[in-house]
Amino acid sequence: MKVPVKWLKEFVETDLSAAEIARRMTMAGLEAENIERIGEDWDNVFVGEVVNVEPHPDADRLVLPTIAAGEHELRVVTGAPNIAAGQKVVLALAGARLIDGYSEELKYRTLKPSTIRGVRSEGMVCSEKELGLSDEHEGILVLADDAPVGVPLADYLGDEVIEFEITPNLVHAFSISGIARELAAILNEQAREPELVDVEALERRDDHVEIAAPEHCGRFTYTLFENVTIEPSPDWLQRRLIAAGLRPINNYVDISNYVMLELGHPTHPFDADKLASDEIIVRLAAPGETLTTIDHVARELDGETLVIADTERAVAVAGIMGGVDTEVSDDTSRVLLESAWFEANSVRRTSRQLRLTSDAGARFGRDIDPNGASVAAARIAELVRVIDPEARSVAFADKFLRPRERRPVAMRYTEIERLLGMTVPVERVVEIFERLDLQPEVVDESGTTVIKTSAPTYRNDINIAADLVEEVIRIHGYEHVPETLITGTAVPVSRSNERLVDQIAQNALVEAGLFQAQTYTMINEDDLLALSPDGNELPDLYGGYARPEEALVRATNPLRSDWVLMRPTMLPSILKIVAENLKYSPSVRLFETARTYQPNALDELPDERRAVVLAMSGERQAFGVETNEPDAMDFLDVKGAVEHLLTRLGGDAATFTAVEHPSLHPGRAAAVELDGVQIGVLGELHPRVAAHFGIEQRVAVAEIDLVVFAERFNAPWNVQPVGRHQPIQQDFAVAVEEATPAATVQAALQKGAGPLATEITLFDIYRGENVDAGTKSLAYRVTFAAPDRQPAEHEIERARDRIERAVGREVGGTLRT
């Protein structure tokens, strides 16, 4: 939140600099993130008065005004259409550094004397854009009539703006007056109250308000203004809005925004003549009801969206944004000004559902004080009286269903020492609570000193004794907390097997050339439907897991409308990232280790199984001298990465078996099994599934459950010494039927070779001449070794015979010569 210091000092009297205010507020728990100084570059820029305006002798569109600014009086050349004698303007002298008003980019230039069409100009009258106040450059900036002539502009219009980070629990400080209350408490000053009009003395029309959804709206007020004039706001108001980060629109919208910034309570002006009547209904929308908001977006509402409506239609999304059909325009003559209180959860839910955010929604969504609604209405009435004196406040309506009272909170005095490790005199504690309007009372209860307080209605963050202790220390000063060294013995750190497996998996996949990704754990049903080729029904398998019979874990209050399910598979999450990365890179190799959420019975927590997902797509090797026609990554690439991963995790015994998987390409999918149990799946994504995620090329994916590795992490490893004798390698070509898996053939080779075969590697697959139709030839390299000797020739011959018999018996294959 941006807080102009001049505005802040209207509420609390202080001579502190902006930097010191920011420091003290930060030390009291309201972090100041930045200080912006408006006008710090306005050297040689003054408030001037136009003495006279003469025509340029050689240009119809230029004039020669004489400007007086204290000891400076000079004639300048300008083409500003709005300059006139008697105006207060901004005069820049030679040497002033100004923004180039004719450049679309932010560009500064130093002003120098110049001759324009034969006339010498020693300075310049400035527009708002040249001063950095706005983008307005059609004419010069005309100052208020009471602007002091000759004063440096920085002293008149300059300001310092402190930007505070307002965390969700600090909604009481989400305004200029809220910050002022905090600063006044720190400085032991009295914060001033703004001037108000007694709107409750107006004609009452409480019966014109109906709250049909009392669980979502606890209070609704409106003030009716007649004979209003819609025009630009005064300069002082526009400048304050701009400094605080808002864009001026017109006087009534600006007044509404001004009061929101000043008091922290959002309001909204309606054109009363565009409403069906002065009767307002706060209700839930009818399912399918539509409303075009002031951002000109037509929005379809559901039955849980709270709206403000007249007797015919919805006219605003309650607490967030008004409708375009009833917005204030230049022709408006009657304004109905709403000031209400809406339940925070309802506002946050609607904001996420509609993907609609606003400054009003940010405040209502943090549970502001309902008592502030009438104060905001009274403040607006006062500003209307000042800014639009011809307007009349004619009626006020207030339906207050849930009044909020001050909240009693008690604290034992000993809690301060227990929580802070230091004592604060009870007199000091009482003083601090009085500064914070907590109305303290010290009582003795059975020999224990207890301080009873009454929290103001705007302090929803004070609920328990610990909250009171926090108030004490932040006003007393964190710098008073004594420094003490930590004593005792540190608890030994023990990392869980799950985390250790994660780390090993991450290191292994980085070694394999993949990059780690991190995605959100929430998805929606459309993401799961996208895993099916037709996209119309949920697949039987979700990545490496079977589709559960129980309903998936659903968020009751999701952060976003498309984050409603806790994912049972990581495939949709990683595929979305792959699709985005392929827009910028010809090759994508990603992985993620995280939890999947497999549902259990109703009202039971899900089984949070850690898994790893891989996705590889695009060019296998970058284009270059050695690879001028890059080929695409495929099944074998992801299989190689998975094999490396399994080796590092101690899963060398894992096997790959061809399977049919609804999300994977037929014939290019395999199950990963370890000790007879399937632990994952890999393969190339089905082209139609890839298209659902916006991917138009081959994608190889894998999803492996890591729980089995965590469970066996502490099992003893079978370590073999490195042999001192030279191994012997022989190649075997096995002809088998086309459908025979290579892993089955490899198992037959291992069974026939016996313990002498220490490694078997598939290095070639051949189909063609000298191989019967419907068969293929698989070439394996078998490494023979013994720990205590070099295998003899006769041992190799016997192993070869056993291999030949085993291949014929196990897979119906033959050895090719």
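The values are calculated or read from the model by the stated rules, or taken from the named source; none is laboratory data. From a predicted model like this one, the values you see are computed outputs, not experimental measurements. Neighbour counts run over all protein chains shown; Cβ positions are idealised from the backbone, glycine included. Surface areas here come from the heavy atoms of the whole protein model, side chains and all, with no ligands, DNA or RNA. Shrake-Rupley method; radii C 1.70, N 1.55, O 1.52, S 1.80 Å.
A count restricted to segment 778-810 and to residues that are within 15 Å of VAL736 (Cβ to Cβ) and buried (at least 19 other Cβ atoms within 10 Å of the Cβ) stands at 5. Selection of first residues in segment 596-610 that are within 15 Å of LEU706 (Cβ to Cβ) and of second residues that are surrounded by 15 or more Cβ atoms within 10 Å (Cβ to Cβ) and of a type in the set (A, V, I, L, M), restricted to Cβ pairs under 6 Å at least 6 apart or on distinct chains, gives the following pairs, ordered by first then second residue: THR596/ALA611; TYR597/VAL553; TYR597/MET566; ARG609/VAL707; ARG610/LEU706. Summed over segment 251-295, the residues that are more than 31 Å from the chain's Cα centre (by Cα) and over 19 Å from ALA395 (Cα atoms) give a count of 1. Residue pairs whose Cβ atoms lie under 8 Å apart, sitting 6 or more positions apart in sequence or on different chains, and linking a residue in segment 385-401 that is farther than 17 Å from VAL282 by Cβ to a partner that is in a loop (DSSP other than H, G, I, E, B) and polar (S, T, N, Q), are ILE387/SER233; ASP388/THR229; GLU390/ASN227; GLU390/THR229; ALA391/ASN227; ALA391/THR229; ARG392/ASN227. Of the residues that make up segment 448-463, is at least one over 26 Å from GLU343 (Cβ atoms), over 36 Å from the mean Cα position of the chain (by Cα) and not β-branched (Val, Ile, Thr)? Yes, segment 448-463 has at least one match.
Just one of the listed residues (GLU608, GLU580) is out of contact with any Pro (no Cβ under 9 Å at 6 or more places or on another chain), over 16 Å from THR521 (Cβ atoms) and open to solvent by 20 Å² or more (accessible area, probe 1.4 Å), and it is GLU580.
Within segment 174-198, the set of residues being part of a loop (DSSP other than H, G, I, E, B) and either among the basic types (Lys, Arg) or open to solvent by less than 50 Å² (accessible area, probe 1.4 Å) (or both) comprises PHE174, SER175, ALA191, ARG192, PRO194, VAL197. Restricting segment 376-421 to residues that are more than 36 Å from the chain's Cα centre (by Cα) and part of a loop (DSSP other than H, G, I, E, B), which is nearest to ASP437 (Cα to Cα)? By that ranking, first place goes to TYR413. The residues listed here are PRO558, PRO548, PRO568; of these, the one that is of a type outside the set (Gly, Ala, Ser), closer than 22 Å to VAL677 by Cβ and at pLDDT below 95 is PRO548. Checking ARG688 against (1) modelled with pLDDT under 95; (2) open to solvent by 90 Å² or more (accessible area, probe 1.4 Å); (3) more than 30 Å from HIS794 (Cβ to Cβ); (4) not acidic (Asp, Glu), which single condition isn't satisfied? It fails just one condition, (1). Taken over segment 31-53, the criterion of being in contact with a helix residue (DSSP H, G or I) (Cβ under 6 Å, 6 or more places away or on another chain) and part of a loop (DSSP other than H, G, I, E, B) is satisfied by GLY39, TRP42. Working only within segment 440-463, note down all residues that are open to solvent by 10 Å² or more (accessible area, probe 1.4 Å) and under 19 Å from ARG366 (Cα atoms). Within segment 440-463, THR457, TYR458, ASN460, ASP461, ASN463 meet the criteria.
Being of a type in the set (Gly, Ala, Ser) and either in contact with a Phe, Trp or Tyr (Cβ under 9 Å, 6 or more places away or on another chain) or at pLDDT below 90 (or both), is that true of even one residue in segment 89-98? Yes: segment 89-98 contains one or more residues that are of a type in the set (Gly, Ala, Ser) and either in contact with a Phe, Trp or Tyr (Cβ under 9 Å, 6 or more places away or on another chain) or at pLDDT below 90 (or both). Of the residues making up segment 44-60, one or more are of a type in the set (Val, Ile, Thr) and open to solvent by 40 Å² or more (accessible area, probe 1.4 Å). For segment 504-515, the condition of being over 14 Å from GLU592 (Cβ atoms) and of a type in the set (Val, Ile, Thr) holds for at least one residue. Each residue in segment 24-50 was checked for being under 27 Å from the mean Cα position of the chain (by Cα) and of a type outside the set (Gly, Ala, Ser), and 9 pass. The residues on offer are VAL161, VAL171, VAL149, and the sole one that is β-branched (Val, Ile, Thr) and in a loop (DSSP other than H, G, I, E, B) is VAL149.
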